[in-house]
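Student: Mind having a look at this structure? Questions to follow.
The values are calculated or read from the model by the stated rules, or taken from the named source; none is laboratory data. Keep in mind the model is a prediction, meaning the values are calculated, not measured. Virtual Cβ from ideal backbone geometry, glycine too; neighbours counted across all protein chains shown. To get the accessible areas, we keep the full protein, side chains included, count just its heavy atoms, and leave off ligands, DNA and RNA. Shrake-Rupley method; radii C 1.70, N 1.55, O 1.52, S 1.80 Å.
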Amino acid sequence: MKKVLLIDDEARMLELLTLYLAPYGYECRKALGAKEGLEYIRQEWFDIVLLDIMMPDKDGWQTAREIRESSDVPIIMVTAREQKTDVVKGLKLGADDYITKPFDEAELIARMEALLRRVEPASRVEMEGLLWDEERFELSYEGQPIKLTPKEFSLIGLVMKHPGRVYSREHLIDLVWGMHSETEGRTVDSHVRNIREKIRESGFPIDDHFHTVWGIGYKWVKQ
């Protein structure tokens, strides 16, 4: 099930979008305005965001800019205006697509599905000789395998596929162990420590890339 964040200042529009999306298997989180939406972004992980442009507390352009400071989640701007300048401005600020109100339900679903297909994470990620290969279930450095547990393999793959994105311990538990897991944050820390030790032994400069974001969690950084 894909998780979508809906940000709009009209409760009726949030309900309408939820009514559209729920039958297609989307789990909808409704944020009434930009402030609430940005709070959700800081606390949870989403597959895609539908972001209204015209909001009184903070417009969609500024909201998109702030989302992009910490996340590369796909963003579709929702606007009641068809002015080309609105569209161009949103795309320049990091939005991935746009749709104009009133919109057709089928078009909305099609745009969301097309965007999600485009941003689907790669099954192979390589950086400076470190290769994560999902199909072969193997992590290697300069051709030499690095032995990881299944959870360690999933965790390092997740952050490598999304460089720059900050993952809280809670997010990692949901994505690697499962939403109903009773795993605690210190288990994540233990796995990260083991991953770093194993990769460090291979000769790869793991500490230059796998960073701790103090008080929050972890992220992967390209140099």
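Student: Given the structure, is K89 of a type in the set (K, R), open to solvent by less than 60 Å² (accessible area, probe 1.4 Å) and modelled with pLDDT under 85?
Tutor: no
Student: How many residues are farther than 20 Å from A64 by Cβ, open to solvent by 60 Å² or more (accessible area, probe 1.4 Å) and touching a strand residue (DSSP E or B) at 6+ places or on another chain (Cβ under 8 Å) when one looks only at the stretch 16-32?
Tutor: Qualifying residue count for the region: 1.
Student: Limited to the stretch 92-108, what total is found for residues that are more than 16 Å from I75 (Cβ to Cβ), acidic (D, E) and open to solvent by less than 80 Å² (accessible area, probe 1.4 Å)?
Tutor: 2
Student: Filter the stretch 109-150 for residues that are hydrophobic (A, V, I, L, M, F, W, C) and either loosely packed, with under 13 Cβ neighbours inside 10 Å or at pLDDT 90 or above (or both) and give the result.
Tutor: I109, A110, M112, A114, A122, L130, L131, W132, F137, L139, I146, L148
Student: Another question about this same structure. Among (1) open to solvent by less than 20 Å² (accessible area, probe 1.4 Å); (2) touching a His at 6+ places or on another chain (Cβ under 6 Å); (3) not acidic (D, E), which single condition is W45 missing?
Tutor: The single condition W45 does not satisfy is (1).
Student: Still on this structure, please answer the following. Exactly one of (1) assigned to a helix (DSSP H, G or I); (2) surrounded by fewer than 19 Cβ atoms within 10 Å (Cβ to Cβ); (3) under 13 Å from the mean Cα position of the chain (by Cα) is unmet by K35. Its number?
Tutor: (3) is the only condition that K35 fails.
Student: Next question, about the same structure. If we keep just the residues of the stretch 11-58 that are of a type in the set (D, E) and touching a residue at least 40 places away in the same chain (Cβ under 8 Å), which is farthest from A106 (Cα to Cα)?
Tutor: Per the stated criteria, the residue is D57.
Student: OK, next. Out of all the residues in the stretch 151-160, which are open to solvent by 20 Å² or more (accessible area, probe 1.4 Å) and among the hydrophobic types (A, V, I, L, M, F, W, C)?
Tutor: Of everything in the stretch 151-160, just one residue is open to solvent by 20 Å² or more (accessible area, probe 1.4 Å) and among the hydrophobic types (A, V, I, L, M, F, W, C), namely L158.
Student: Taking the stretch 184-211, which residues are in a helix (DSSP H, G or I) and open to solvent by 70 Å² or more (accessible area, probe 1.4 Å)?
Tutor: R186, R193, E197, R200, E201, D207, D208
Student: Among the residues of the stretch 161-183, are any surrounded by 14 or more Cβ atoms within 10 Å (Cβ to Cβ), at pLDDT 95 or above and at negative phi?
Tutor: No: the stretch 161-183 contains no residue that is surrounded by 14 or more Cβ atoms within 10 Å (Cβ to Cβ), at pLDDT 95 or above and at negative phi.
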